[in-house]
Every structure is written in structure tokens, then in C-alpha cells.
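> My structure is below; once you've seen it, I'll send some questions.
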Amino acid sequence: MKNKPNRTRTHEFKVMLNDQEMKLLTDQAKKCGLSRSEYLRSLLNGKSIRGYPEGFAESRLGKIFGKAGK
């Protein structure tokens, strides 16, 4: 029996971006808490994407690590 790959996505797509476009993509995905791939797939699928408020990730990490130290 053949092993099935864990990936459901089998198509790879290469896109060329300039420095400004790459920074914008990276910043927007990070703001939303998504990888660049997840961010682009969400846009393609018409999903509503919301960014986190400034400092949200840092405050969440602080709470998580704070609990771990107790």
C-alpha cells in the first residue's frame, strides 16, 4: 500500500515580487497572524481577513508564557 502525502494541495505557483511587494505581503500576513501562503489562499477564497491590533501577538505570548511559569 502506498503512503499518501499529508498535503491536500498539489499545485505549486511561483510569483515574482519586487522588494516593496514582498514586504507588503509579509507585513499584511503577519498582521493577520497568517503565513503568506495562508494569507493568499484566504484572499483567493474570498474570506474576510482581519488584522490583529498593534501589540496583540506580544500580549498573547506574554499571557501564555506567564502561565507556563506558574
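The values are calculated or read from the model by the stated rules, or taken from the named source; none is laboratory data. For clarity, every value in this text was computed on a predicted model and none was experimentally measured. Methodologically, a virtual Cβ is constructed for each residue, glycine included, from the backbone with ideal geometry; neighbour enumeration extends over all protein chains shown.
> Determine whether Glu21 is modelled with pLDDT under 90 and either among the hydrophobic types (A, V, I, L, M, F, W, C) or part of a helix (DSSP H, G or I) (or both).
No.
> If you check Pro5 against the conditions, is it of a type outside the set (A, V, I, L, M) and either at pLDDT 85 or above or under 16 Å from the mean Cα position of the chain (by Cα) (or both)?
no
> Which pairs turn up if I take residues in region 15-32 that are surrounded by 15 or more Cβ atoms within 10 Å (Cβ to Cβ) and of a type in the set (Asp, Glu) and look for partners that are part of a helix (DSSP H, G or I) and modelled with pLDDT under 90 with beta carbon separation below 8 Å, at least 6 apart in sequence or on another chain?
Note: no pairs meet the criteria.
> If you don't mind, there's one more thing I want to ask. Taking region 26-52, which residues are β-branched (Val, Ile, Thr) and either assigned to a helix (DSSP H, G or I) or out of contact with any Ser or Thr (no Cβ under 8 Å at 6 or more places or on another chain) (or both)?
Result: Thr26, single match.
> If you take the residues of region 33-57 that are at pLDDT below 90 and among the hydroxyl-bearing types (Ser, Thr, Tyr), which of them is surrounded by the fewest Cβ atoms within 10 Å (Cβ to Cβ)?
Ser48
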